[in-house]
1. So which residues in the stretch 135-178 are open to solvent by 10 Å² or more (accessible area, probe 1.4 Å) and assigned to a loop (DSSP other than H, G, I, E, B), if there are any at all?
2. Can you tell me which residue among Val200, Val140 is in contact with a Leu (Cβ under 6 Å, 6 or more places away or on another chain), in contact (Cβ under 8 Å) with a residue 60 or more places away in the chain and farther than 17 Å from Ala39 by Cβ?
3. Return the pairs, sorted by first residue and then second, in which the second residue is open to solvent by less than 50 Å² (accessible area, probe 1.4 Å), the first residue lies in the stretch 222-239 and is free of Cβ contacts under 8 Å to residues at least 12 places away in the same chain, the beta carbons are less than 9 Å apart, and the residues are 6+ apart or on different chains.
4. Out of everything in the stretch 1-39 that is open to solvent by 70 Å² or more (accessible area, probe 1.4 Å) and in a loop (DSSP other than H, G, I, E, B), what residue ends up being modelled with the highest pLDDT?
5. May I ask you to list the residues in the stretch 256-271 that are part of a loop (DSSP other than H, G, I, E, B) and surrounded by 16 or more Cβ atoms within 10 Å (Cβ to Cβ)?
6. Within the stretch 179-191, can you find the residues that are within 24 Å of Asp126 (Cα to Cα) and not in a loop (DSSP other than H, G, I, E, B)?
7. Give the residues of the stretch 211-255 that are closer than 26 Å to Arg173 by Cβ, surrounded by 13 or more Cβ atoms within 10 Å (Cβ to Cβ) and charged (D, E, K, R), sorted by residue number.
8. So Ala205 passes all but one of these: (1) assigned to a loop (DSSP other than H, G, I, E, B); (2) open to solvent by less than 80 Å² (accessible area, probe 1.4 Å); (3) among the hydrophobic types (A, V, I, L, M, F, W, C); (4) out of contact with any Leu (no Cβ under 7 Å at 6 or more places or on another chain). Which condition number does it fail?
Amino acid sequence: MLTGIIDIGSNTVRLAVYLIEGSRMEMLMKKKHMVGLAAHVQNGVMQQSGIDAAVRVLQEFQSFLHTFQITAVYAFTTAALRNASNSREAVAEIEARTGLSIQVISGEREAEYDFIGATHSLAAEDGLLIDIGGGSTEIVSYENRSIRSKVSLPMGSLSMDSRFVAGVLPTRRECIAIRDEAERVMGAMEEFPERGEEIVGIGGAFKGGCALYNALFHQPATNVRMNADQLLSLISRFQSDHGISQEMTIMLMKTVPDRMETVIPGLIIAEVLADRFQCATITYSDSGVREGFLYAEVMKEG
């Protein structure tokens, strides 16, 4: 059965099409638009411009799905719409204008989906799973491939960029402000395990960060591991007031053309988390919330 999954995130809106046969699934293709919904939230309210932007992309996805007669379609949304004070009204308008039924998943549920999706490819039995999204960060501590504790934090790569960065790349002072805010949010977090052997990172922030890391430190493009103690060096190289060389510009445009404004804020959050949990390495995993949603909510139905 062909199944479409639409993920309305704080930074991107994605459509992925999977072929599901019994207990096996295969992703056939994916499309995405950098909508930046979190940037359309003002004083906690999702603006009409954000609703309109989401509707335009979702109508495009609906047309694509209709062309190929894909009728099994599931849509969910995360932090930007979930946390808006007018969440219910905004989602209702989007549903009315697109004909989609949209699930607003909680931060804890998002963390669970992240874990379910990633554990199908995890090698480590114990560790920390982290998803730095556009508007929130989900953290799951696991032992023996079972969830020990989970939390959703109100900080993300796009929300940090929107709040603290005036240009395309942050200045040194803006990087410090992002780090201070990330540490403040972490400091307010309820009790959580003090240490993890390794962070498994999922989502676009880690994907883009790993691509930039590989280019800067001359690693093969297939490498998915970052040394946490090198992140500060990477971040400092791309502070706008240090001067961005042509070589650095080319590197950014080749590796993170869609995430130039959010990759450094995302890496600052990652560095703060690695320091907080005393993790030496971060490994990027390509499976996450969409696959977890499929395993938990769709494939169980069959």
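The values are calculated or read from the model by the stated rules, or taken from the named source; none is laboratory data. Keep in mind that what you see is a predicted model, and the values were worked out from it rather than measured. A quick note on method: Cβ atoms are made from the backbone with ideal geometry, for glycine too, and the neighbour counts reach across all protein chains shown. Areas reflect the complete protein model, heavy atoms only, side chains present, ligands, DNA and RNA absent. Shrake-Rupley method; radii C 1.70, N 1.55, O 1.52, S 1.80 Å.
1. Answer for the stretch 135-178, where residues must be open to solvent by 10 Å² or more (accessible area, probe 1.4 Å) and assigned to a loop (DSSP other than H, G, I, E, B): Gly135, Asn144, Arg145, Pro154, Val165, Ala166, Gly167, Val168, Leu169, Thr171.
2. Working: Val140 fails: in contact (Cβ under 8 Å) with a residue 60 or more places away in the chain.
Criteria check complete, one pass: Val200.
3. Going by the 9 Å Cβ cut-off, the qualifying pairs are Thr222/Asn214; Ser233/Leu216; Ser233/Phe217.
4. Ranking the candidates gives Met1 first.
5. Step one: filter the stretch 256-271 for residues part of a loop (DSSP other than H, G, I, E, B), giving 256-262.
Val256, Arg259, Met260, Glu261, Thr262, listed by residue number.
6. First, pick out the residues of the stretch 179-191 that are within 24 Å of Asp126 (Cα to Cα): 186-187, 189-191.
Listed by number, the residues that qualify are Met186, Gly187.
7. Result: Arg237, Asp241.
8. (1)
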